[in-house]
Amino acid sequence: MALPTLRLMHGAHFAKQFVTDYLTGDLPARVLDYRNGWGGLTDAELPLPVKYLSYEPVALDKWPTIITVALSTNNLERVGYGGGSTVAYGMDPEYRVAYNMRTYIWCRGGNSESATLIRDRLTTVVRSALLDYPSLKATDPSHSFRAEIDESGMREEFSDLTPLKGERFLAGAYLGYELSLDEVVMRKAYGTVDEDGVSFGVKNVGLSKDTAAGAALQELSLATAPVQGGASE
């Protein structure tokens, strides 16, 4: 997914795709580093993820699969006024939006032990990627979104093993965390600026004296107008 060229309110679909794109680019090299760091593990002992999704599929067909979803919005705070449709005047409100995220790791092994080990190892590698703030930040070269994960609230949950056909086992885990992004409300520029000031595009409409309202206003104006000259003799 290409990063947007305009600063907008991007929402949950962008938040989860941002993480998915980051992990897709980051994990291949990181997995190789961890294989070497953990004593030369093989591809079977720490496999590369083969599928990355930003939605929950009806069924899993490839392993390991990494799935990132957004569960809710935790907080939305206005942090100032930034660029957008009225970038010249900086009047578009900018918000810091916090999303409650989950990244799932699904693995398959030839027996219960191997499935558990693959799941545990790959979950640790994904945790390392999510906590690698410089790498996450590099996904957004312009730093428009200031993507940041709250490491203090990160948690991990591990599933029970699920037996599959052929004496194989499915094991899963997820990492829960809060992802914060900067988003902008693009306000439409209804007003125009000219040398006389700001015009909001609403014209003053006069009332004709031929209308009832116009006649009433004219009478009121005459009745309240100051008397010119002295009293009549």
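The values are calculated or read from the model by the stated rules, or taken from the named source; none is laboratory data. The structure presented is a predicted model; accordingly, all values stated were derived computationally and were not measured. For neighbour counting, all protein chains shown are included, and Cβ atoms are generated from backbone atoms with ideal geometry for every residue, glycine included. Protein only, heavy atoms only, side chains kept; ligands, DNA and RNA dropped before computing areas. Shrake-Rupley method; radii C 1.70, N 1.55, O 1.52, S 1.80 Å.
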Subject >> Residues that are modelled with pLDDT of 60 or more and of a type in the set (S, T, N, Q), drawn from the range 178-193 >> reply: Ser180
Original post:
Can we say Thr116 is part of a helix (DSSP H, G or I), of a type outside the set (D, E, K, R) and either more than 18 Å from Lys16 (Cα to Cα) or open to solvent by 40 Å² or more (accessible area, probe 1.4 Å) (or both)?
Top reply: yes
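Matching residues to (1) under 18 Å from Ser128 (Cα atoms); (2) free of Cβ contacts under 8 Å to residues at least 60 places away in the same chain; (3) not in a strand (DSSP E or B):
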| position | (1), (2), (3) |
| --- | --- |
| Leu8 | no, no, yes |
| Asp21 | yes, no, yes |
| Val31 | yes, no, yes |
| Ile66 | yes, no, no |
Original post:
When Ile67 is evaluated against the numbered criteria (1) closer than 20 Å to Leu164 by Cβ; (2) hydrophobic (A, V, I, L, M, F, W, C); (3) open to solvent by 60 Å² or more (accessible area, probe 1.4 Å), which criterion, by number, is the only one it fails?
Top reply: (3)
**OP:** Output the residues belonging to the range 89-113 that are among the hydroxyl-bearing types (Ser, Thr, Tyr), at pLDDT 95 or above, crowded, with 16+ Cβ neighbours inside 10 Å and out of contact with any Ser or Thr (no Cβ under 7 Å at 6 or more places or on another chain).
**Re:** Tyr104
Original post:
Considering only residues of the range 33-52 that are in a loop (DSSP other than H, G, I, E, B) and among the acidic types (Asp, Glu), which is surrounded by the fewest Cβ atoms within 10 Å (Cβ to Cβ)?
Top reply: Asp43
Original post:
Restricting the range 119-131 to residues that are touching an Asp or Glu at 6+ places or on another chain (Cβ under 8 Å) and under 22 Å from Gly39 (Cα atoms), which is surrounded by the fewest Cβ atoms within 10 Å (Cβ to Cβ)?
Top reply: Arg127
**OP:** Take the range 138-178 and flag every residue that is out of contact with any strand residue (DSSP E or B) (no Cβ under 8 Å at 6 or more places or on another chain), open to solvent by less than 90 Å² (accessible area, probe 1.4 Å) and among the small types (Gly, Ala, Ser).
**Re:** Ala138, Ser142, Gly166
